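A.B. asks: Encoded as structure tokens, here's the structure I'll be asking about.
The values are calculated or read from the model by the stated rules, or taken from the named source; none is laboratory data. A quick note: this is a predicted structure, and the numbers were derived from the prediction, not measured. All Cβ positions, even for glycine, are placed from backbone atoms using ideal geometry, and neighbour counts span all protein chains on display. For the accessible areas, the whole protein counts, side chains as well, though only heavy atoms, and no ligand, DNA or RNA atoms are used. Shrake-Rupley method; radii C 1.70, N 1.55, O 1.52, S 1.80 Å.
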2 protein chains.
Amino acid sequence: MDKINRIIARIDDLDLAVMEKAQKKLDFLTKPQGSLGKLEDLAKHICGIRGKLVLELKNKVIFTFAGDHGIAEEGVSAFPQEVTSQMVYNFLAGGAGVNVLAKHAGARVIVADLGVKSRLKAKSKKLKIKKIDFGTKNFAKEKAMTREQAVSAIEAGIEIFEEERENGIDITGIGEMGIANTTSASAIAAVITGESVKNITGRGTGINDKALEHKIKVIEQALFLHQPDKKDALDILSKVGGYEIAGLAGVILAAAANKVPVVIDGFISTATALIAYILEPKTARYMIAAHASVEIGHRAMLKYLNLEPLLDLNLRLGEGTGAALAISLAESGVKIMNEMASFESAGVSEKSG
Amino acid sequence: MDKINRIIARIDDLDLAVMEKAQKKLDFLTKPQGSLGKLEDLAKHICGIRGKLVLELKNKVIFTFAGDHGIAEEGVSAFPQEVTSQMVYNFLAGGAGVNVLAKHAGARVIVADLGVKSRLKAKSKKLKIKKIDFGTKNFAKEKAMTREQAVSAIEAGIEIFEEERENGIDITGIGEMGIANTTSASAIAAVITGESVKNITGRGTGINDKALEHKIKVIEQALFLHQPDKKDALDILSKVGGYEIAGLAGVILAAAANKVPVVIDGFISTATALIAYILEPKTARYMIAAHASVEIGHRAMLKYLNLEPLLDLNLRLGEGTGAALAISLAESGVKIMNEMASFESAGVSEKSG
């Protein structure tokens with residue numbers, strides 16, 4: 001817990017003076033003021049986070065964490081549980097959606113096993129193994145993990161970020177893989193936002209009406225059984241969380257402490273963001289919401305965090321796919337600020353009257 | 001007019017069989033079916049347009065056309081008229097918004113003078129000079145151009161596309177520059193969509209309330225004076241159009257005839273799309289709407305064309321800036337279709353039940 005407390009103590013406010021400077025720089029470029037909308041907002045926000053006039057986003061890193069979920073036993077997912085580990089191998093081979101979109105955005109993907117059920121064979125150093133356990137317990141029947149395990153998973157996320165920071169990180173995104181993890185994410189979201197389980201639970205990878213009804217019931221009963229304390233992130237994680245979700249909350253804390261913007265992907269990543277927010281509300285200032293997921297309940301979670309999604313492309317894959325697209329948009333905003341000519345340098349007349 | 005008729009005769013339907021093949025290819029990739037939403041739609045749409053399973057979008061081209069508008073005399077813009085030519089030089093020097101965003105997307109920008117008021121000094125072959133006249137006439141008082149000039153401008157756009165096609169074009173975007181051209185675009189949109197001038201006229205580069213009221217009045221009076229025929233694109237162009245708007249309609253026709261997807265930028269580009277649609281409704285099938293502009297009236301125009309905007313980033317710059325961002329999204333869709341592993345190749349289990 002010391003590691004978590006130390007990193008939280010380092011999380012600062014945004015640098016408003018730098019944001020003002022960024023705004024001035026943007027206002028003298030050859031375009032009507034504000035006419036590049038959210039691209040300009042992104043540039044300004046990123047400067048405020050980094051505490052300097054950012055010249056480029058050279059190192060773009062997406063953390064994709066995997067973990068298995070005991071709740072899969074309850075038949076809440078359309079895919080079998082072995083898909084979690086199979087997809088980890090797919091990430092390592094570069095064949096998954098996040099690999100393709102990260103490459104398009106010029107970002108690295110860092111894959112980590114926080115709690116996959118099987119013992120993964122990493123052929124390369126590309127897989128970071130920080131396994132806390134071989135999957136969570138079935139939270140329909142017992143706590144998903146111990147409080148100590150929740151702490152360890154968050155700390156593992158902090159460690160992974162700090163290790164990768166040695167290779168440079170100017171902006172980061174988070175993504176996840178874990179069969180049945182929308183069930184955990186919905187439970188977390190219901191506890192923290194106060195929304196009903198029904199309003200916050202969707203079809204995940206694509207379950208039918210009957211399975212959805214069952215999924216809602218499973219979550220409702222689990223919340224009744226465990227009564228998680230909405231103000232205690234570790235209590236929520238231990239009762240209904242997941243290792244990859246806890247680990248990514250650690251990444252958010254570490255990103256904020258290191259003044260690195262963190263792009264939140266979809267539904268499950270936003271549940272992670274809620275956990276980070278409960279641990280330290282200032283983290284929200286470092287977040288950029290990539291997109292509005294198809295998964296119902298996502299907008300309520302973003303609203304709770306006071307975040308506006310950049311994209312709305314009917315995505316519901318996770319892995320960090322939406323984060324990759326948003327990172328490219330963020331980079332385009334930074335390029336606008338730095339590469340466009342000013343009215344003066346280009347000899348263009350300014351607005352009259 | 002022969003050139004226009006010949007190109008229209010070449011515009012075909014989309015290839016539905018290829019779109020079905022693309023869908024099948026997408027459905028076997030390692031992700032829940034449809035979970036990459038609009039990226040998958042884009043890939044499929046582009047295959048249907050190109051008439052083949054597209055493997056890459058290598059040559060990405062944005063056509064940014066410039067023209068001046070006599071209606072600027074009426075005080076409808078916040079910027080002085082010389083900005084049109086100044087911005088053309090800025091495009092050629094690579095300092096404008098569209099240059100930065102096109103570079104980010106890996107796209108070329110082709111700049112053309114269709115009707116700038118001054119005689120431009122092109123230091124390089126980068127500027128295509130197809131000047132129909134030194135700006136349009138003030139359509140508050142007389143017709144903007146002759147019917148013959150409207151035809152010449154459309155044909156010039158077709159020629160520019162055909163010339164550039166020799167360097168390869170897999171996807172294209174359109175953008176524009178012309179002080180006071182939102183006034184022309186609003187007039188065109190009001191005629192074609194049937195919306196009231198008030199509902200379709202916005203602040204352009206940023207005029208105040210009083211100037212907006214004046215702009216609306218100018219357009220209303222001009223439409224009353226000229227009574228353009230909503231079914232006759234050449235009549236509309238000649239009475240209230242612009243040379244860059246007409247030229248870009250030619251680009252749309254040529255793109256459709258050559259099976260090239262054409263990404264429509266913002267408000268003025270969408271007015272151009274309306275003109276192309278009146279000339280040949282099939283052109284709409286080749287269009288991708290980049291974004292929803294801040295400019296009011298834009299959504300009504302997109303609705304008329306039955307297009308859904310990909311992005312909503314509060315953009316209102318034009319030039320092709322939104323098109324550049326959307327081209328990158330389209331490319332990411334094509335990459336998803338081609339670079340992701342299939343369930344079989346990656347050894348990932350498929351959905352159960």
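A.B. asks: At a 1.4 Å probe radius, which order do A:Thr205, A:Thr321 fall into by accessible area, largest first?
C.D. replies: I get A:Thr205, A:Thr321, largest accessible area first.
A.B. asks: While we're on this one: Summed for both chains, how many Å² of accessible area, to the nearest 100, are buried between B and A with a 1.4 Å probe?
C.D. replies: So the buried area, both faces added, is about 4500 Å².
A.B. asks: Further, regarding this structure: I need the calculated FRET efficiency for the pair B:Gln221 and B:Lys24, taking r as the beta carbon distance and R₀ as 51 Å, to the nearest 0.05.
C.D. replies: 0.35
A.B. asks: In a Gaussian network model over chain A where Cα atoms closer than 10 Å are linked, find which of A:Thr146, A:Thr172, A:Thr84 has the largest mean-square fluctuation.
C.D. replies: Answer for the Gaussian network model of chain A: A:Thr146.
A.B. asks: Right, next: If you take all C-alpha pairs in the range A:8-153, what percent of them are over 23 Å apart?
C.D. replies: Result for the distance tail: 57 percent.
A.B. asks: Please report, to one decimal in angstroms, the Kirkwood hydrodynamic radius of the protein assembly as shown built from all distinct Cα-Cα pairs.
C.D. replies: Result for the protein assembly as shown stands at 26.2 Å.
A.B. asks: Looking at the square roots a ≥ b ≥ c of the eigenvalues of the Cα gyration tensor of the range B:60-331, which shape do they give, rounded for a/c under 1.5, prolate if a/b is larger than b/c, or oblate?
C.D. replies: Rounded.
A.B. asks: Further question: Just to confirm my numbers, what's the Cα centroid distance between the range A:85-109 and the range B:39-93 in Å?
C.D. replies: 33
A.B. asks: Rank these residues by their accessible area, most exposed first, probe 1.4 Å: B:Asp113, B:Asp13, A:Asp235.
C.D. replies: B:Asp13, A:Asp235, B:Asp113
A.B. asks: May I pose another question? Run the 1.4 Å probe and let me know the accessible area of A:Asp232, rounded to the nearest 10 Å².
C.D. replies: For A:Asp232, the solvent-accessible surface is approximately 40 Å².
A.B. asks: Test of the criteria: in the range B:123-224, which chymotrypsin sites (Phe, Trp or Tyr not before Pro) are in a DSSP loop and have at most 15 other Cβ atoms within 10 angstrom of their Cβ?
C.D. replies: B:Phe134
A.B. asks: Where the label is 7 Å out from Cα toward Cβ, how close does B:Gly206 come to the same position in every other copy, in nm, shortest first?
C.D. replies: 4.7
A.B. asks: Which value, in Å² and to the nearest 10, is the accessible area of B:Asp209 when all protein chains are kept and the probe is 1.4 Å?
C.D. replies: Surface open to solvent at B:Asp209 totals about 100 Å².
A.B. asks: Let me ask another. Sort A:Glu155, A:Glu176 from largest to smallest accessible area, using a 1.4 Å probe on the heavy atoms of the protein chains.
C.D. replies: The ranking, largest first, comes out as A:Glu155, A:Glu176.
A.B. asks: Expressed as a rounded percentage, what relative contact order does the range B:60-331 have, with Cα pairs under 8 Å and six or more residues apart?
C.D. replies: This gives 26 percent for the range B:60-331.
A.B. asks: Using the Karplus equation 6.51 cos²θ - 1.76 cosθ + 1.60 (θ = phi - 60°), what ³J(HN,Hα) coupling, rounded to whole Hz, does each residue of the range B:13-27 give in order, writing x for Gly and Pro?
C.D. replies: Rounded to whole hertz, the list is 7, 5, 8, 5, 5, 5, 5, 5, 4, 4, 4, 4, 4, 5, 6.
A.B. asks: How much accessible surface does B:Glu73 have with a 1.4 Å probe, in Å² rounded to 10?
C.D. replies: 130
A.B. asks: Over all distinct Cα pairs, what is the inverse of the mean 1/r for the range A:16-64, reported as the Kirkwood hydrodynamic radius in Å?
C.D. replies: When all Cα pairs of the range A:16-64 are included, the Kirkwood radius is 11.6 Å.
A.B. asks: I need the phi-derived Karplus couplings for the range A:46-60: 6.51 cos²θ - 1.76 cosθ + 1.60, θ = phi - 60°, integer Hz, Gly and Pro marked x.
C.D. replies: Computed from phi, the couplings for the range A:46-60 are 5, 5, x, 5, 6, x, 7, 6, 5, 9, 7, 10, 6, 9, 10 Hz.
A.B. asks: Within the range A:1-49, list the trypsin sites (Lys or Arg not before Pro) lying in a DSSP loop whose Cβ has at most 16 other Cβ atoms in a 10 Å radius.
C.D. replies: Answer by residue number: A:Arg10.
A.B. asks: Sticking with this structure for a sec: How long is the gain from A:Leu53 to A:Ser124 if the chain were fully straight, where each residue apart is worth 0.36 nm and the alpha carbon distance is subtracted?
C.D. replies: Answer, rounded to one decimal: 21.9 nm.
A.B. asks: Roll a 1.4 Å probe over the protein chains and send me the accessible area per residue for the range B:60-331 in Å².
C.D. replies: Per-residue accessible area for the range B:60-331 comes out at 33 Å².
A.B. asks: I need the Debye-formula profile for the range A:113-224: one equal scatterer per C-alpha, no solvent, reported as log10 I(q)/I(0) at q = 0.15, 0.18, 0.19 1/Å, two decimals.
C.D. replies: For the range A:113-224 at q = 0.15, 0.18, 0.19 Å⁻¹, log10 I(q)/I(0) is -0.82, -1.06, -1.13.
A.B. asks: What's the FRET efficiency of B:Phe134 with A:Lys103 using the Cβ-Cβ distance as r and R₀ = 41 Å, to the nearest 0.05?
C.D. replies: 0.30
A.B. asks: From a point 7 Å beyond the Cα of B:Lys303 in the direction of its Cβ, which residues of the range B:194-226 have a backbone N at a distance under 19 Å?
C.D. replies: Output list for this probe position: B:194-203.
A.B. asks: Using 1/(1 + (r/R0)^6) with R0 = 51 angstrom and r between the beta carbons of A:Ser196 and B:Glu142, what's the FRET efficiency to the nearest 0.05?
C.D. replies: 0.20
A.B. asks: Also: Which of the trypsin sites (Lys or Arg not before Pro) across the range B:81-124 are loop residues per DSSP, with 11 or fewer other Cβ within 10 Å?
C.D. replies: Sparse-neighbourhood loop trypsin sites (Lys or Arg not before Pro): B:Arg119, B:Lys121, B:Lys123.
A.B. asks: Given H placed 1.01 Å from N in the peptide plane, which residues other than close sequence neighbours of A:Asp229 have an amide H under 5 Å from its amide H?
C.D. replies: Amide H to amide H, under 5 Å and 5 or more residues apart or across chains, A:Asp229 pairs with A:Ile236.
A.B. asks: Another question, then. To the nearest 500 deg cm²/dmol, what mean residue ellipticity at 222 nm is calculated for chain B from DSSP H runs of n ≥ 4 alone, each contributing -39,500 (n - 2.57), summed and divided by the residues?
C.D. replies: -15000 deg cm²/dmol
A.B. asks: Mind listing the label-point distances from B:Lys230 to the same position on all other copies, shortest first, one decimal in nm, points 7 Å along Cα→Cβ?
C.D. replies: 5.1
A.B. asks: With axes computed from alpha carbons, what is the tilt in degrees of helix A:147-165 against the longest principal axis of chain A, rounded to the nearest 10 within 0 to 90?
C.D. replies: 30
A.B. asks: If you don't mind, another one. To the nearest 20 debye, what is the magnitude of the charge dipole of chain B about its Cα centre, counting +1 on the Cβ of each Lys and Arg and -1 on the Cβ of each Asp and Glu?
C.D. replies: 360
A.B. asks: If you don't mind, there's one more thing I want to ask. What is the distance in Å between the Cα centres of the range A:188-259 and the range B:161-208?
C.D. replies: 46
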